[in-house]
Amino acid sequence: MQKCPQRLLFLDYDGTLAGFNSNPQLAGPDQELLTLLADLSADKRNRVIIVSGRDRATLEKWLGHLPLDFIVEHGVWLRALGEEWTMLRPLTNDWMHEIRPILDLHVSRTAGSFVEEKEYSLVWHYRRADIELGEVRARELTSHLHFLASNSDLQVMEGNKVVEVKSAGVNKGAGAARWLSFYPADFIIAIGDDRTDEDTFGAMPSHAYTVKVGSTHRSLARFHLDTHHDVRRVLRALVEA
């Protein structure tokens, strides 16, 4: 086992470290965030883990040059600093050809929405759609997908203006738990903004600082911050501590 760091920082990306963008591919890190992450990871007391639903190619493109750990696609892919990408457990994406037409149908019925296909999940985005219509269509889609997933190994997740379908049993919390077992620390903080981050909060030990960004509706987090700007101020304070 490697020498234990004194701090573990589990950080979601979208809505937590960076603001949302109507085009997810345009939500890349600005210079302030890159500098902040570089400063955090330069401190030998810190092990910084990006815990995101995004695909590994995008995060590697944006942040791969920094000395960070990654838990991506909601726990599907893991990479500790200096190691290769590994999967939390073997998965299949054979189910996609059945589910994709359902998402495409909702795209045709909801102007501004679109489908993102990852290696092992499908995501219906409606951030650019009419707010009221998007919410109605999201409820319809979620209900239909839950019915289809009831007798399968699939999980339906509702995020911030997204509905995602993926294999069950793999989530951010399961990925974070692996880091907790390999790299115990005296100080642990987990920060996230939507329902998918609740799995991370649930995996944390009782002494960890769990922080929900934005709405606190039914959150397991012990603390709250309003925006990603507040998150950056807190992390900057850790750099200077």
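The values are calculated or read from the model by the stated rules, or taken from the named source; none is laboratory data. Worth saying up front: this structure is predicted, and the values here are computed from it rather than measured. Methodologically, a virtual Cβ is constructed for each residue, glycine included, from the backbone with ideal geometry; neighbour enumeration extends over all protein chains shown. Ligands, DNA and RNA are stripped out before the accessible areas are found, and what is left, the full protein with its side chains, is counted by its heavy atoms. Shrake-Rupley method; radii C 1.70, N 1.55, O 1.52, S 1.80 Å.
Among the residues of the range 197-218, count how many are of a type in the set (Val, Ile, Thr) and touching a Lys or Arg at 6+ places or on another chain (Cβ under 6 Å).
The qualifying residues number 2.
In the range 209-241, what count of residues is obtained for those that are open to solvent by 30 Å² or more (accessible area, probe 1.4 Å), β-branched (Val, Ile, Thr) and in a helix (DSSP H, G or I)?
2
How many residues does the range 17-55 contain that are open to solvent by less than 60 Å² (accessible area, probe 1.4 Å), in contact with a helix residue (DSSP H, G or I) (Cβ under 9 Å, 6 or more places away or on another chain), over 27 Å from Ala111 (Cα atoms) and of a type outside the set (Asp, Glu)?
13
Restricting the search to the range 77-114, which residues are part of a strand (DSSP E or B) and surrounded by fewer than 14 Cβ atoms within 10 Å (Cβ to Cβ)?
Across the range 77-114, the qualifying residue is only Thr86.
Among the residues of the range 116-124, is any open to solvent by 30 Å² or more (accessible area, probe 1.4 Å), under 25 Å from Val213 (Cα atoms) and of a type outside the set (Ser, Thr, Tyr)?
yes
Just name the residue that is nearest to Tyr183 (Cα to Cα) out of those in the range 199-208 that are surrounded by fewer than 22 Cβ atoms within 10 Å (Cβ to Cβ) and touching a helix residue (DSSP H, G or I) at 6+ places or on another chain (Cβ under 8 Å).
Pro205
Looking only at the range 134-189, count every residue that is touching a residue at least 60 places away in the same chain (Cβ under 8 Å) and either over 17 Å from the mean Cα position of the chain (by Cα) or in a helix (DSSP H, G or I) (or both) and tell me the total.
So the count comes out to 15.
Could you check His74 against (1) surrounded by 16 or more Cβ atoms within 10 Å (Cβ to Cβ); (2) on the phi < 0 side of the Ramachandran plot; (3) touching a strand residue (DSSP E or B) at 6+ places or on another chain (Cβ under 7 Å); (4) of a type outside the set (Gly, Ala, Ser) and say which number it fails?
Only one criterion is unmet by His74, namely (2).
So the check is Cβ under 6 Å with 6+ separation or different chains; which pairs have a first residue in the range 51-69 that's in contact (Cβ under 8 Å) with a residue 60 or more places away in the chain and among the acidic types (Asp, Glu) and a second one that's open to solvent by less than 30 Å² (accessible area, probe 1.4 Å) and not in a helix (DSSP H, G or I)?
From the range 51-69, the pairs are Asp55/Lys118; Asp69/Ile49; Asp69/Ala80.
Looking at the structure I just gave you, is Trp179 open to solvent by less than 30 Å² (accessible area, probe 1.4 Å), among the aromatic types (Phe, Trp, Tyr) and over 26 Å from Leu9 (Cβ atoms)?
For Trp179, the condition - open to solvent by less than 30 Å² (accessible area, probe 1.4 Å), among the aromatic types (Phe, Trp, Tyr) and over 26 Å from Leu9 (Cβ atoms) - is not met.
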